[in-house]
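Below is one structure; the comments refer to it alone.
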Amino acid sequence: MKKIVLILGFICFLTNSYAQLLQDKSNFTRQDTLRGSVTAEREWWDLTYYHLDIEVKPDEKFISGKNTIQYEVLKPNQVMQIDLQSPMEITKVLQDGQELEVNHQGNAHFITLTKDQNIGGVNSIEVHYKGQPKEAKRAPWDGGFSWKKDQNGKHFIATSCQGLGASVWWPNKDHMYDEVDSMLISITNPKGLTNVSNGRLKALMDNGNNTITSHWFVNNPINNYGVNVNIGDYVNFSEVYKGEKGNLDLDYWVLKDNLEKAKEHFKDAPKMMKAFEHWFGPYPFYEDSFKLVEVPYLGMEHQSSVTYGNQYKKGYLGNDLSQTGWGLKFDFIIIHEAGHEWFANNITYKDAADMWIHEGFTAYSENLFLDYYYGKEASADYVIGTRANIQNDKPIIGTYNVNNEGSSDMYYKGANMLHTLRQLVEDDKKWREILRGLNSEFYHKTVTTKEIEDYISKKTDKDLSAFFNQYLRDVRIPTLEFKIEDGKLKFRYINIVNDFDMPIEVSINGKKEWLFPDAEWKTKTIGTSDFKVDRDYYIEVNKL
Ligand SMILES: [Zn+2]
């Protein structure tokens, strides 16, 4: 009987997954595949360097210029895929001064190279382009250019493009698996306004025609969506933070009128740095400094120039996402977006389906910030409080190779999964070593979920495959069913994937103990009805 139930359950699960798969397949287009997979026209070359050099004309909402793309040849091939989304248009592509033929297929552009591409050779192409880029209506959720004005009527402009992709405003290899080793960003804009991009300002030129050009150099690998342009009537202040790797420049760029407010409010930035270097290891981009840059939208984790638009309020625009009070102890955007410097910018997903690596760990970092300053109970209150935001609508991991993100549960379910894992590790020193170890093992790398899983399984010496399958690849929350009769506790898990047998801590008559449930009923003599499950484990509990 039991066997039949199990088999039926399994078929149900299979059918659901299969239906999901069919539905997903039919929802994706050839454009999604071109955008989201490592095509043959991408695979043969490895990015080494970009020089993005553009002029931004705010009055016309127009940009034009070129991206010089330098790459190393890995395999023989003469066709290269470059991405740029409509309505932006490529005007010409050059290699060694020769104009090349381009075959346009929607947002993917296939360039036929005439020069022999010899393995190990380092070549470059120049992609010239222009247009009025997509305007962001609800940045950072949609992406594109935000063309706004500040309260004095001056231009206040910013880019954001996570998910949608950097090819919404500049031509590049728009897949996360490959990053340049360094990048130069040269932005020309009207005089009287300042542009802040990633990395360090190397030069500022007055072009004598009422425009200026700023050259920002990024001395580290950077993912495409991290690259940004922010133009406004900025003023700057800075401080030197004494960190794990020495002196780190913290630079702040805010609208002129907000200077005094920012000087007070941005005190969360060095506090953040201290907590996150403790938990995750050295800030990953000392060479490029750390910047907070005010923008006309909520914020984004742009590498080494985290953008800020939380209205100088604590919490998330003044709200506590955990409803416990702890969420008002910090500015959500400073803590969350800066947390991404470790998980998103240092350790970057290869495929958008694995975006939980960015958002799960970073949502989790919010409670580690609290842990550092207010202790373990406060941090647990916070992360457990955020469970109310979990939907369990679809799996956290999305569909691979089509630029598809999984459920937004990647944030708070992801965070609660990691909080649960911390309990299983049962040793906070070791847990911290794992978090720091991830950041050194995958330093400046792009990764898959599998690599993260394997690393944690190895370091904890536990087979965590069923655990990760349950929380990342299934929507069901494990449920502990129990009953107590005549001093005997009967218990089992339901709503679980195959082989899920996560131990949990419980209190029996006020005494802490481990319980080892799985899919089968088990009995334990406890001689009391005083039984409680530790709230730190993200499971449901059902007393029969
Ligand atoms: Zn985030």
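The values are calculated or read from the model by the stated rules, or taken from the named source; none is laboratory data. All values derive from a computational prediction rather than experimental measurement. Here Cβ is always computed from backbone atoms with ideal geometry, including for glycine, and neighbour counts include all displayed protein chains. Each accessible area value is taken on the protein alone, full model and side chains, heavy atoms only, with ligands, DNA and RNA left out. Shrake-Rupley method; radii C 1.70, N 1.55, O 1.52, S 1.80 Å.
Peptides 58-67, 336-345 ranked from most to least packed, by the mean per-residue count of other Cβ atoms within 10 Å: 336-345, 58-67. Helical runs (DSSP H, four residues minimum) scored at -39500 (n - 2.57) apiece and divided by the length of the chain put the mean residue ellipticity at 222 nm at -8000 deg cm²/dmol.
Think of a 1.4 Å ball rolled over the protein heavy atoms: the stretch 119-187 then has 34 Å² of accessible area per residue.
Modelled label positions at Glu441 and Ser465, each set 7 Å beyond Cα in the direction of Cβ, lie 1.7 nm from each other.
For Glu377 and Tyr49, a Förster radius of 51 Å and the Cβ-Cβ distance give a FRET efficiency of 0.60, rounded to the nearest 0.05. Between Thr91 and Ser124, residue separation times 0.36 nm minus the direct Cα-Cα distance comes to 10.2 nm.
Counting Lys and Arg as +1 and Asp and Glu as -1 over every other residue whose Cβ lies under 13 Å from the Cβ of Ile434, the net charge comes to 0. Counting 0.36 nm for each residue step from Asp257 to Gln391 and taking away their Cα separation leaves a gain of 44.2 nm.
In the assembled protein chains, Arg42 presents an accessible area of approximately 0 Å² (probe radius 1.4 Å). Two numbers describe the Cα atoms of the stretch 84-153: Rg and Dmax, which are 17.2, 55 Å. Dipole check for the chain: with +1 at the C-beta of Lys and Arg, -1 at the C-beta of Asp and Glu, and the Cα centre as origin, the magnitude is about 1100 Debye. Of the residues Val306, Ser440, Leu321, the one whose Cα sits farthest toward the positive end of the charge dipole of the chain, with +1 on the Cβ of Lys and Arg and -1 on the Cβ of Asp and Glu, is Leu321.
Pairwise Cα separations in the stretch 400-451 fall into 5 Å bins from 0 onward with the following percentages, short to long: 5, 15, 17, 23, 23, 11, 4, 1.
Dipole size of the stretch 25-138 about its Cα centre, with +1 on Lys/Arg Cβ and -1 on Asp/Glu Cβ: approximately 560 debye, rounded to the nearest 20.
For the stretch 444-544, which whole percent of the accessible surface, found with a 1.4 angstrom probe, sits on carbon and sulfur atoms? About 44 percent, which is the carbon plus sulfur part of the accessible surface. FRET efficiency for the pair Glu239 and Thr528, taken as 1/(1 + (r/R0)^6) with r the Cβ-Cβ distance and R0 = 56 Å, rounds to 0.50.
Accessible area per residue for the stretch 419-513 is 45 Å², calculated with a 1.4 Å probe on protein heavy atoms, without ligands, DNA or RNA.
For the pair Thr114 and Leu201, a Förster radius of 35 Å applied to the C-beta separation gives a FRET efficiency near 0.40, rounded to the nearest 0.05. Note on the stretch 288-338: with neighbouring protein chains present and a 1.4 Å probe, carbon and sulfur make up 50 percent of its accessible heavy-atom surface. Projecting the Cα atoms of Ile54, His419, Asn345 onto the dipole axis of the chain, where Lys and Arg carry +1 and Asp and Glu carry -1 at the beta carbon, places His419 farthest toward the positive end.
Between the C-alpha center of the stretch 214-271 and that of the stretch 436-492 there is a gap of 36 Å. What is the ratio of the Cα radius of gyration of the chain to 2.2 N^0.38 Å, where N is its residue count, to two decimals? Rg over 2.2 N^0.38 Å, computed on Cα atoms: 1.05. Here, P(r) means the percent of Cα pairs in each 5 Å bin from 0 to the largest distance; for the stretch 370-503 it is 2, 9, 15, 19, 21, 18, 10, 4, 2, 1, 0, 0.
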